[in-house]
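Here is the structure we will look at, set down as structure tokens.
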Amino acid sequence: AALARQTRKSISRVRHASSKMPGSDNGGIGGSGSSAAPFTLKEPLGTSTGTAGDDKVELSMSMHEAGKPFGEPVEAEEETRLQRWWTFLCGTPGRACLGCCALILIAIIIIVPIVVLVITPIIVNMFVNATTMTVINASLAEPTTDTMVVQAFVELNNAGPLPATLRGFNATMYDNSGRDIGWLVFPDFDLDSNSANLQEVVSLLTITNTEAIYEEGLKMLAGKPVSWTVRGSTSIVALGFGFNVDIEKPLTFPGVYLDNFQTKNVRINHANATMNYIVMDADLEFTSVSTLEFLRIGTLRSDLWYNMDANNATKHGFSKVYREFYGSRLCTPQMKLDGECANGWEVSENIGWCDMFDFKVARGVNRIKAQIFLYNTKTNGYNLGRWVSQWEQTIISVGPINKFFLNRIWQGLVTLEAGPEKMFTGALGTKQTFVQGYNTQTGANCDFYNQGGDVCDKGAIIMAKNPFDREWALKKIEYDVFFEEEYEYDATFNINAVGLPINLVQFSCAATDIFARMKSKPGMWAMAPNHDPITQGGPSSGYAVTGYPDNDPTTGDDERLAARLSDEVIPLPVGGDAATGTYNFFLAATPYPGLAEKVNEPGKTGPCVLGIDGLDPFDCCMTTIFSAAGCKAQQRGHSHINVISRGNATMIVDGMEMIVYPEVKLPLSYTNDVLNFDAVGGTALGNVAQAGFTCSDIRFKGVSEPLYPPRAGSDAR
């Protein structure tokens, strides 16, 4: 470069000197219009052909100084600072090598920090941002007032080209609306390059917003997935270098839908007469298909709500779809007052609570031991009455109510399985129970002339079975009994004395399906003179424990008989798996209110036989309808009549009395002497006379004229 500059300067001087030569002003060397004189460098003296006399031009090119003779030393031009540095660093090959190394070192010192501190963190964050975080499965456990253990297997897909370690960090969880839910600690993650990495995370989630976690829990337990954003700052180590990174990742937890909740093996445990509730043991079963589990929850308690109308099978039929649809509509009294219930919704009543022990939710079928606490209320009376009647029912469960920030995040249906046994299994009407009846004062069968309702009870023997493996008792039973079909007929009540038949009473009965109102009452044990009230495993007080008193030898009074005839308690022996639990008792038939006026002819609503109560306490239609139903059943080849009993009974458990409302369908069997009704048979008068009727004296008409009326025929077929 210096040589080039010197050359350019020399050429410039040559041009400048040429411009001052003679004749240059005349357009060229030698002047204008004259021929050019030859021009040479260092031309010898006296050989010039120019016009300027003895003038001489000397041109010299030198690397030292232009204008001097060639090779003559010239003064050195002053070097610039850059030139001096260049000469110092690269003036020789050794210096050039050292200079290059120095420059490279300087570049490294400057560039490497820029790469490491600026460019590489940007690239690392790009790879971190490209990394995904997926929950494979998770469990929530051990909830306290504001914490819960989270155990999850999380898959991190490392998008980076190098293996790395993501250091543990405090992560704050945010919901979709940006609310801070809580925080937990993530552990170190070892990440393989360009691959999925599975890591177990066990950490304590600290709840900071109970309202937010409640709303998220509602979604989760409705089966909807819940996505939370994990935010935090940490570092990632790759190739021995650590880089600070900011984490902001969506983390989606699967929803949990608990399906097919049902109770099984329900049985009475005990009653608390002071607190006025009954406790029942049960096995609870439900299904979950979610990968999210709940573990180590402990005892979980939930409120129970019951819709009496939705569970009324008599009104709506035994439709599970109907019951679950309408039974799931929770409308509490407070919600009704606040206008939160839709029009037409029935009000549900809080019937108690349920404790579920060692509660957990795992994938598949879950089975849990539970205790159900039921208040002593009328609604629960219908609930338990329908249960012992073997009706399947639906209960609304709202809970939990004892798990702090998780309280009331779940509402679901629980199917209350039908009772294992009907409260009553059958009934039997015989000549002794229905034609003659029992004297409630003597314990013997009633005389034909002393059958007034104040001393003589007519009815049926009820067969029953205790489904539980513990004692309890019944009293004050009152049932309305209905046939499955209506009966309409004409009939004749005859007297045949010494072979002379007399049509004593002729009557007509309008169509009805009502039999009678049947009751338990003092005197019911007259049908069993040797009845022993002491029951193994029976009630814990009363005659079931002490037995009837012995007769007083001083007075001769039959105190045992008096106690037996005044006893109205029906003790239930131990049943279930421990024993048979079978028992029976007598129910007295009484007229159904208003029925006599509805079915009898005007003016014939009083006692059937001569209007004398002592001969027959019932009107003619009530006296004959059991026999009429039996005659129709016999025509069809049946030995029993299906009846529906609907009413109430008082159950006694550990001294607590609770009124229940069963509704059962049971077979009412009959004997031939009910069909051949003879009021005086078996008495002294019966040797010379007959008073009653047979199937031939009953003439069906109207709805009962066909062998199978439309509805009954459909049922029979």
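The conditions are (1) hydrophobic (A, V, I, L, M, F, W, C); (2) open to solvent by less than 50 Å² (accessible area, probe 1.4 Å); (3) out of contact with any helix residue (DSSP H, G or I) (no Cβ under 7 Å at 6 or more places or on another chain), and residue 404 fails exactly one of them. Which is it?
For residue 404, the failing item is (2).
Can you pull out every residue in region 580-613 that is part of a loop (DSSP other than H, G, I, E, B) and touching a residue at least 60 places away in the same chain (Cβ under 8 Å)?
580, 581, 591, 592, 593, 600, 601, 604, 608, 609, 610, 613
Given (1) open to solvent by 10 Å² or more (accessible area, probe 1.4 Å); (2) in contact with a Ser or Thr (Cβ under 8 Å, 6 or more places away or on another chain); (3) modelled with pLDDT under 90; (4) not β-branched (Val, Ile, Thr), where does residue 416 come up short, assuming only one miss?
(3)
Among the residues of region 619-639, write down those that are under 30 Å from residue 450 (Cα atoms) and without any contact (Cβ under 8 Å) to a residue 40 or more places away in the chain.
619
Residues of region 301-315 being open to solvent by 20 Å² or more (accessible area, probe 1.4 Å) and touching an Asp or Glu at 6+ places or on another chain (Cβ under 8 Å), which ones?
301, 305, 308, 309, 314, 315
Can you pull out the residues in region 622-649 that are open to solvent by less than 10 Å² (accessible area, probe 1.4 Å), over 13 Å from residue 484 (Cβ atoms) and in a strand (DSSP E or B)?
Result: 649, single match.
Residues of region 150-168 being closer than 18 Å to residue 241 by Cα, surrounded by fewer than 18 Cβ atoms within 10 Å (Cβ to Cβ) and in contact with a strand residue (DSSP E or B) (Cβ under 7 Å, 6 or more places away or on another chain), which ones?
162, 163, 165, 167, 168
Among the strands (runs of 3 or more DSSP E) contained in region 653-716, which hold 2 or more residues that are modelled with pLDDT of 90 or more?
The qualifying strands (runs of 3 or more DSSP E) are 656-660, 663-670, 698-700.
Within region 438-446, identify whether any single residue is buried (at least 19 other Cβ atoms within 10 Å of the Cβ), more than 55 Å from the chain's Cα centre (by Cα) and part of a helix (DSSP H, G or I), and answer yes or no.
No, because not a single residue in region 438-446 is buried (at least 19 other Cβ atoms within 10 Å of the Cβ), more than 55 Å from the chain's Cα centre (by Cα) and part of a helix (DSSP H, G or I).
When you go through 674, 680, 599 one by one, which is the residue that is of a type outside the set (Lys, Arg) and either over 17 Å from residue 515 (Cβ atoms) or open to solvent by 50 Å² or more (accessible area, probe 1.4 Å) (or both)?
The match here is 680.
Check off (1) among the acidic types (Asp, Glu); (2) open to solvent by 20 Å² or more (accessible area, probe 1.4 Å); (3) touching a residue at least 12 places away in the same chain (Cβ under 8 Å) for residue 338 and give me the number that stays unchecked.
For residue 338, the exception is condition (3).
Identify the residue in region 543-557 that is more than 19 Å from residue 533 (Cβ to Cβ) and of a type outside the set (S, T, N, Q) and, among all such residues, is modelled with the highest pLDDT.
My answer is 553.
The values are calculated or read from the model by the stated rules, or taken from the named source; none is laboratory data. The structure displayed is predicted, hence computed values, not measured ones. Note that each Cβ is placed from the backbone with ideal geometry, even for glycine, and that neighbours are counted across all protein chains shown. Ligands, DNA and RNA are excluded from the accessible area calculation, which covers all protein heavy atoms including side chains. Shrake-Rupley method; radii C 1.70, N 1.55, O 1.52, S 1.80 Å.
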